[in-house]
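Asks: I have a structure I would like to understand better, so I am pasting it below and will then ask my questions one at a time.
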Amino acid sequence: MSGKAGTIGNAPRETTVAAQQAAPETALLRLGDQEIELPVVVGSEGEHAVDISKLRSQTGYITLDEGYVNTGTTTSAITYLDGETGILRYRGYPIEELAAHSDFVEVSYLLMFGELPSAEQLDEFRQGLRQHTMLHEDIKSFYSGFPRDAHPMAILGSVVGALSTFYQDSLDPKDPSQVNISLYRLMAKLPTIAAFSHKKSIGQPFIYPRNDLSYCANFLQMMFAVPTEEYTVDPDFAEALNLLLIVHADHEQNCSTSTVRMVGSADANLFASISAGICALWGPLHGGANQACVEMLERIKADPDGVGKYVDLAKDKDSGFRLMGFGHRVYKNYDPRAKIIRATCNRLLSKMDRKDPIFEIAQELESVALSDPYFVERKLYPNVDFYSGVVYRALGIPVGMFTVLFAMGRLPGWIAHWMEMHESNTKRIQRPRQVYTGAQKREYLPVEKR
Ligand code: ACO
């Protein structure tokens, strides 16, 4: 494929180099004797894309890009990230500034509605969320049906999907007022659903939401309070949770967000789409990596051979072992979220006057890996999941709940993308193509002749 400004290669690195040059208006594609012009799309931060949507109708060819390594599925105005330099911005605001000055509810508003709220809008939004924190009493009976050892992500996905049976009055994705009430319900109820799944797993009674508390403080009291005792939320814990939710709140077209968009593109309702996103997030190559990472650190702690053995294992392709919390499809630099979480970790542990051997192992592993040519050459750095588990542990959150907290953080991002897709006048059902490699037409043999 060649454009006026030169060749646009397939490999991500080459594409980045080409993208730094001035954008041509079109790219020329030569296929045998045929030459066609393809439009070039330029994003607001100078990202370049070749629009191939007419390629098949003009040439009979499709593009093939397993894992969507080099494929944009949409334009989006929500989150900008530059993986080469380690930049992450929500609606134009750097993640570092939002983490320093905002809270999760305000960031959620920004992501979903596009602008930072005025004081009045923010107050109204908080009040609105407070009105919807309780679950329908019948939802509680779902929890009795799950086995005691059910993974809380399985419960979360199921109960969120089941919300569509309780709120049948608000399932139409084309009605903005129905979408709006569903958005409030989801944001307000997800912490309650999550905390109930934890209480179920330890056999304690459910603790109802308290609307006088902040979003994070309320979640912590639903997780840790018991009816028999007074419970006071530690403000340092609520603040650490707030930061974790902010840094997880959106990350453009990742696996779970793309899932939410894909399911939503069929006009499935918001609850069904978010439930699908929760299932995608559960995978250990995605949000499940925070659980896998702490389990790996525990394993290293228990092993007298220490960190070096695991760095060697990660480099050995036959071992099937990867350093969890390391590497990222997009970041080829230090993940800015990991920096914020690492600092939170330091702050929290020193305030608690506590040493966590897992945190020490994580830091040692990071420094060994970052000076090893295998990781340096492949640009593998700690990602958001590397230190988040250590903070969750310090807060007393059990390992099985780590990915649930990721889902709570990612919820406003999922909703923002789902709404952006529905508001777009170019929305179509998402339906990728394939290159068929199976058997050609053959004769059917009745079973007795096979
Ligand atoms: N440990 C050891 N080697 C690794 C690791 C790792 N964690 N990650 C990537 N590599 C190596 C690969 O073996 C490959 O090497 P090669 O070029 O010699 O074959 C090279 O680095 C590129 O890796 P890919 O798997 O091609 O990269 P991809 O973009 O497909 O995968 C992923 C990204 C899934 C995040 C990967 O780095 C990984 O498995 N990391 C561990 C799991 C993890 O932490 N996931 C959380 C991601 S963040 C999130 O979803 C919120």
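Read-outs throughout are calculated quantities, based only on the coordinates presented, and are distinct from any laboratory measurement. Values in this document were obtained by computation on a predicted structure and should not be read as measured data. For neighbour counting, all protein chains shown are included, and Cβ atoms are generated from backbone atoms with ideal geometry for every residue, glycine included.
Asks: Provide the net charge surrounding ASP303, with neighbours chosen by a C-beta distance below 15 Å and charges set as Lys +1, Arg +1, Asp -1, Glu -1.
Replies: -3
Asks: Which shape class applies to segment 209-357: rounded if a/c is under 1.5, otherwise prolate when a/b exceeds b/c and oblate if not, where a ≥ b ≥ c are the square roots of the Cα gyration tensor eigenvalues? Don't skip to the end; give the middle numbers.
Replies: Values: a/c = 2.01, a/b = 1.10, b/c = 1.83.
Taking the square roots of the gyration eigenvalues as a ≥ b ≥ c, segment 209-357 is oblate.
Asks: What order do you get for ARG450, ARG347, ARG342 when you list them from fewest to most C-beta neighbours inside 10 Å?
Replies: On the way: ARG450 5, ARG347 15, ARG342 22.
In order of increasing Cβ crowding within 10 Å: ARG450, ARG347, ARG342.
Asks: How high is the relative contact order of segment 337-408? Use alpha-carbon pairs under 8 Å, at least six apart in sequence, and give a whole percent. It would help to have the intermediate numbers written out before the result.
Replies: Details: 42 pairs, mean separation 30.5, N = 72.
Averaging sequence separation for qualifying contacts and normalising by length gives 42 percent for segment 337-408.
Asks: Before rounding to the nearest 500, sum -39500 (n - 2.57) across all DSSP H runs of length at least 4 in the chain and divide by the residue total; then give [θ] at 222 nm in deg cm²/dmol.
Replies: Details: 19 runs with 231 residues, N = 450.
Calculated from helices alone, the mean residue ellipticity at 222 nm is -16000 deg cm²/dmol.
Asks: Would segment 212-252 count as rounded, prolate or oblate if I go by the C-alpha gyration tensor, calling it rounded below 1.5 in a/c and otherwise prolate when a/b exceeds b/c, oblate otherwise? Please list the in-between numbers first.
Replies: Numbers: a/c = 3.17, a/b = 2.49, b/c = 1.27.
Here segment 212-252 falls in the prolate category.
Asks: Sticking with this structure for a sec: Where the convex hull is taken over the Cα atoms of segment 198-292, what is its projected area averaged over directions, in nm²?
Replies: Average projection, Cα convex hull of segment 198-292: 7.9 nm².
Asks: Say each of GLU25 and GLU45 gets a label point 7 Å from the Cα, pointing the same way as Cα to Cβ; how far apart are those two points in nm?
Replies: It works out to 2.8 nm between the two label points.
Asks: Next question, about the same structure. Mind checking the full-extension length gain between TYR444 and SER177? Use 0.36 nm per residue of separation minus the Cα-Cα distance, one decimal, nm. Mind dumping the intermediate values first?
Replies: On the way: separation 267, 0.36 × 267 = 96.12 nm, distance 5.35 nm.
Working it through step by step, the gained length comes to 90.8 nm.
Asks: If segment 186-231 were replaced by its equivalent ellipsoid, with semi-axes equal to the square roots of 5 times the Cα gyration tensor eigenvalues, what would those be, largest first, whole Å? Intermediate values should be presented prior to the final figure.
Replies: Numbers: eigenvalues 52, 37, 9 Å².
Gyration-tensor ellipsoid for segment 186-231: 16, 14, 7 Å.
Asks: Enter the angle in degrees (range 0 to 90, nearest 10) between the Cα long axis of helix 152-166 and the first principal axis of the Cα atoms of the chain, meaning the one along which they spread out most.
Replies: Taking Cα atoms only, the helix is inclined about 90 degrees.
Asks: Here is a further query. Could you tell me how many degrees, from 0 to 90 and to the nearest 10, lie between the Cα long axis of helix 104-113 and the main elongation axis, the longest principal axis, of the Cα atoms of the chain?
Replies: 30 degrees
Asks: Assuming a ≥ b ≥ c are the square roots of the Cα gyration tensor eigenvalues, decide whether segment 285-326 counts as rounded (a/c under 1.5), prolate (otherwise, with a/b larger than b/c) or oblate.
Replies: Values: a/c = 2.63, a/b = 1.19, b/c = 2.20.
Oblate is the answer for segment 285-326, as a/c is 1.5 or above yet b/c matches or exceeds a/b.
Asks: Can you pick out the pairs among LYS199/LYS309; LYS189/LYS309; LYS317/LYS339 whose Cα atoms lie more than 32 Å from each other? Kindly include the intermediate steps, with their values, before the conclusion.
Replies: Numbers: LYS199/LYS309 38 Å; LYS189/LYS309 44 Å; LYS317/LYS339 28 Å.
Flagged as over cut-off: LYS199/LYS309; LYS189/LYS309.
Asks: On C-alpha positions alone, give me the angle between the axis of helix 255-265 and the longest principal axis of the chain, in degrees, nearest 10.
Replies: 70 degrees
Asks: While we're looking at this one, here's another question. Counting other beta carbons within 10 Å of each residue's own, what order do THR74, THR344, THR437 fall into, fewest first? Walk me through the numbers before you get to the answer.
Replies: Working: THR74 16, THR344 23, THR437 5.
Fewest to most other Cβ atoms nearby, the residues stand as THR437, THR74, THR344.
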